[in-house]
Amino acid sequence: MANRIPRVPVREQDPKVRAHNFDEVCYGYNKEEAMLEASRCLHCKNPRCVTACPVGVKIPDFIELVAAGDIAGAAAKIAEDSSLPAVCGRVCPQETQCEGSCVLGVKGEPVSIGKLERFVADWTFAQGDKAVEAPKAGGKKVAIIGSGPAGLACASDLAKAGYDVTIFEALHKAGGVLEYGIPEFRLPKEKVLKRELDAVRALGVKIETDVIIGRTVTIDSLMDDEGFEAVFVGTGAGLPKFMGIPGENLNGVFSANEFLTRNNLMKAFREDYRTPIHAGSKVCVVGGGNVAMDAARTALRLGADTTIVYRRTEVELPARKEEVHHAKEEGIDFQMLTNPVEILGDERGWVRALKCVRMELGEPDESGRRSPVVIPGSEFEIPTETVIMALGTSPNPLIARTTPGLETTRRGGLVADEAGATTRPGVFAGGDAVTGAATVILAMGAGRRAAAAIDAYLRKK
Amino acid sequence: MFKILEKKMLNPTICKMVVEAPRIAKAALPGQFLIVRADEPGERIPLTISDYDREAGTVTIVIQPIGASTRAMVENFEAGDSFADVAGPLGNPSEFVRMPVEELKAQRVVFIAGGLGTAPVYPQAKWLHEHGVSVDVIIGARTKDLLIYEEEFKSVTDGLYMCTDDGSYGFKGVGTARLEALVAEGKKYTQCVAIGPMIMMKFSALTCMKLGIPIWVSMNTLMVDGTGMCGACRLSVGGVTKFACVDGPEFDGYLVDFDEAMRRSAQYKAEEGLANGK
């Protein structure tokens, strides 16, 4: 049966306007638009979208409720499986997960599942805070290390199951990468993130900021002295990678982490905050993932003419399609099949240019992607004031180093089984701390699986 | 929130504060640092720990107003007020703390302290003194009024040598000249530790190299998070890039590229000028 209604487009801020502000790009659906879009769902008998969702949100069920206008019901349905719907609706790579599996996508456009999830979450916020009944606590104490997506998902499930849950966060604000990494224009902090965190707190979860596990207090001390019977490590992948090319320590070369943390966590873009940030008039961002897009679009908004340099082609860009599309609309220049070989400085030690080579695609590598090969003699310079390295991140070794019995892989991730159990009894882990840099939703999925494993472990104990 | 229990101006610009932070006081060791964010619009400022009291649950910091955030810390906060955030202890403790006892007992240590760096020398000297290690401390400043911590050091050092550039107090000249004089007088040292402005640490390293004394320096670089996330603190040590926050803050002074480190420290000067108006 053909589906005659086309995918309902979502309203967005004009690219020319938004290139100069940090307000959210996408306005989201209103109720009418959402109900119309929801009516496109075919309600497959074996919904592939659910299987493709790392936390298993019951997508056709919530969409059916939206189509019927029962938004509160839809919110309750999503809440059964996801603790951060307003975040996921905004930052998940839907095109490779739920929407990528939608049957409608075979011949036309898939149901706009992400935008529907976001609408349901935003609608719920708009109803104001309703008294949530915190589950009966008083259960065993569980410590969660890191307040990013993995930790929040794990904490929510455990609190719902009646455990006494405390999250320890190293930075001064909770949220992990949602706070320091993803910019305001993609994930508003006050309007969205704070409310999601409030919802987690309303479940009875305590969040202690400014506590660096491994330094302020160790896992051993949490378990031996503070009575925590299980620990979940969701410390993410926070260490920035650099290329190892000459000139990386010149003034004006930053990791995307530094650039984004200054802007997002430390609010350098706001006049009323004291944190300085340096973009200048021309910025080159090296990399092709979501972080590269975020850094480039931030630099653009700070007034810089911005170029993204990536060694493969646009097809291989690991960023969400929507982010690439938005970046282009906003006027960011994409130099594909281009790889930096050196950063050139002036006599004062500041960046003056990025020296690059052109690449062509060769044979597929172990990841199945065609690996880029240098075209001989293709060296050229891009004059620039600032270079931002967005090459990925690796897990922070602090916890592993300070916790006896906790093993890591060659790449620095914690060794953990499918359920999150590490090599140390009572200590579980999940998300980027185990896998290396991945996505918000995969981290949430790992957090949920670990919560189930912790529950099973503590019941047996 | 972290309550300020005591505030005292040590000289016209350097301010000492004792802050309530029980978890940090319990874990702190000599050589480590804290990140302090005074209030919501403030930056995260790395400050070396100047003392800690495990029983009282307090840590001591000294602050010199340089940028907008440090100025706000000193000007807007009094005893009884609270800082929004104090996180730590960060970085690795001093090498001495990790040394086998036998090796430690054999040490004859000289510290060169300059300016704000004088304060963080104190917990190290105290710790060594308590462990029966011979400690000399050289404190340098431009002029007499700027010297700090003299009284505190008296009880934890074997030799305390004050120096001023203008000769208004103690030895006339810089700390490195005092060290050379002490060695010429026959003093023998197995290890030097320099904490102070980078330019002072650079010349301390050069002097120690000349005298054949190993030296550690405590690198007070720019930082944002202090936990290894941002890389703002990166510096070259023996040609290899290190992060001061997680690999340091103390490094072999022979190997540090001080010129690069000083250049990198000035990276936000233009923007800071603007922030001072914020």
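Partner shielding of A:238-244 amounts to 3, given as the average count of beta-carbon atoms from other chains within 10 Å of each residue beta-carbon. Based on C-alpha pairs under 8 angstrom that are at least 6 apart in sequence, segment B:1-120 has a relative contact order of 33 percent. Of A:S39, A:P60, A:I71, which is farthest along the charge dipole of segment A:14-78 in the positive direction, counting Lys and Arg as +1 and Asp and Glu as -1 at C-beta? Looking along the dipole axis, the top candidate is A:P60. Working from label points 7 Å from Cα in the Cα-to-Cβ sense, the A:E366 to A:K194 distance is 4.6 nm.
For a straight C-alpha distance cut-off of 16 angstrom, the aspartates and glutamates reachable from A:K355 (same-chain residues fewer than eight places away being disregarded) are A:E248, A:E342, A:D346, A:E379, A:E381, A:E385. Dipole orientation for the protein assembly as shown: of the candidates B:L10, A:Y273, A:V315, A:V315 has the Cα lying most toward the positive pole (charges on Cβ; Lys, Arg +1; Asp, Glu -1). Normalised by the number of residues in segment A:65-115, the mean separation of alpha-carbon contacts (under 8 Å, six or more apart) gives a relative contact order of 26 percent. Available extension along the chain between B:D259 and B:E40 is 75.5 nm, counting 0.36 nm per residue and deducting the alpha carbon span.
Shape summary of segment A:1-104, radius of gyration then Dmax from alpha carbon positions: 14.6, 46 Å. Distances between placed amide hydrogens fall under 5 Å for B:S82 paired with B:I4, all partners being 5 or more residues away or on another chain.
Listed by chain and number, the aspartates and glutamates whose C-alpha is less than 13 Å from the C-alpha of A:K45, apart from same-chain residues fewer than 8 away, are A:D61. For the listed residue pairs A:K141/B:K3; B:K202/B:K269; A:K16/A:K191; A:K136/A:K206; A:K282/B:K269, the alpha carbons are over 26 angstrom apart in A:K141/B:K3. Look at where the Cα atoms of segment A:310-327 and of segment A:191-256 average out, and the two centres are 28 Å apart. At a 1.4 Å probe radius, carbon and sulfur cover how many percent of the accessible area of chain B? That share works out to 53 percent. Computed from the C-beta positions of B:D81 and B:E130, the FRET efficiency with R₀ = 35 Å rounds to 0.60.
Here the convex hull built on the C-alpha positions of the protein assembly as shown has a volume of 174 cubic angstrom per residue. Residues within the reach of a label modelled at B:T190 (point 7 angstrom out along Cα to beta-carbon, backbone nitrogen below 15 Å), restricted to segment B:82-102, are B:95-102.
Note on segment A:230-342: Rg/Rh from Cα positions, Kirkwood definition for Rh, rounded to two decimals, is 0.99.
Figure note: A:T386, A:T96 ranked by solvent-accessible area, largest first, 1.4 Å probe, ligands and nucleic acids not counted: A:T96, A:T386.
A dipole drawn for segment B:105-253 from +1 and -1 charges on Cβ atoms has a positive end, and of B:A125, B:Q107, B:M162 the residue lying farthest that way is B:Q107.
Peptide packing for B:177-187, A:20-30, A:62-72 was compared via the average number of neighbouring C-beta atoms within 10 Å per residue; ordered from the highest value, the list is A:62-72, A:20-30, B:177-187.
Per the Debye formula on identical point scatterers at the alpha carbon atoms of segment B:9-104, with no solvent, log10 I(q)/I(0) at q = 0.16, 0.19, 0.25 Å⁻¹ is -0.66, -0.89, -1.36.
Quick one, could you list the DSSP H helices from chain A stretching 27 Å or more along their long axis (Cα atoms) with average Kyte-Doolittle hydropathy of -1.0 or above? Kindly include the intermediate steps, with their values, before the conclusion.
Values: long enough: A:440-460 (30 Å, 0.59).
Qualifying helices, which must be both long enough and hydrophobic enough, are A:440-460.
Segment B:124-142 and segment B:59-75 have Cα centres lying 25 Å from one another.
Among A:235-248, B:142-155, sorting by the average number of other beta carbon atoms lying within 10 angstrom of each residue, highest first, gives A:235-248, B:142-155. In this simple spin-label model, placing a label point 7 Å from the Cα along the Cα-to-Cβ direction at both A:D220 and A:N21 gives a separation of 5.4 nm.
Each label was represented as a point 7 Å from its Cα along the Cα-to-Cβ direction; for A:V374 and B:E102 these points are 5.1 nm apart. Charge dipole of chain A (Cα centre as origin; +1 on each Lys and Arg Cβ, -1 on each Asp and Glu Cβ, all else neutral): 580 debye, rounded to the nearest 20. Dipole magnitude for segment B:86-173: about 60 debye, using +1 per Lys or Arg Cβ and -1 per Asp or Glu Cβ, origin at the Cα centre. Among the listed pairs B:K187/B:K210; B:K26/B:K105; A:K58/A:K321; A:K241/B:K242, those whose Cα-Cα separation exceeds 18 Å are B:K26/B:K105; A:K58/A:K321.
Under a model in which nothing but the beta-carbon of Lys, Arg (+1) and Asp, Glu (-1) is charged, segment A:236-281 shows a dipole of about 100 debye around its Cα centre.
Taking Rh as the Kirkwood radius, which is the inverse of the mean 1/r over Cα pairs, what is the Rg/Rh value for segment B:184-278?
Computed over Cα atoms, the ratio is 1.06.
Take each residue of peptide B:236-247, count the partner chain Cβ atoms within 10 Å of its Cβ, and average: the result is 1. Comparing B:F96, B:F111, B:F258, which has the greatest mean-square fluctuation in the GNM of chain B with Cα pairs linked when under 10 Å apart? Taking springs between Cα atoms under 10 Å, the residue moving most is B:F96. Taking the inverse of the average 1/r across all pairs of different Cα atoms in chain B, what Kirkwood radius in Å do you get? Every distinct Cα pair counted, the radius reaches 18.9 Å.
Across peptide A:170-176, the average count of Cβ atoms from other chains found within 10 Å of a residue's Cβ is 4.
The values are calculated or read from the model by the stated rules, or taken from the named source; none is laboratory data. If you're wondering where the values come from, they're calculated on a predicted model, not measured in any experiment. Here Cβ is always computed from backbone atoms with ideal geometry, including for glycine, and neighbour counts include all displayed protein chains. Side chains are part of the model used for accessible areas, which takes the heavy atoms of the whole protein and leaves out ligands, DNA and RNA. Shrake-Rupley method; radii C 1.70, N 1.55, O 1.52, S 1.80 Å.
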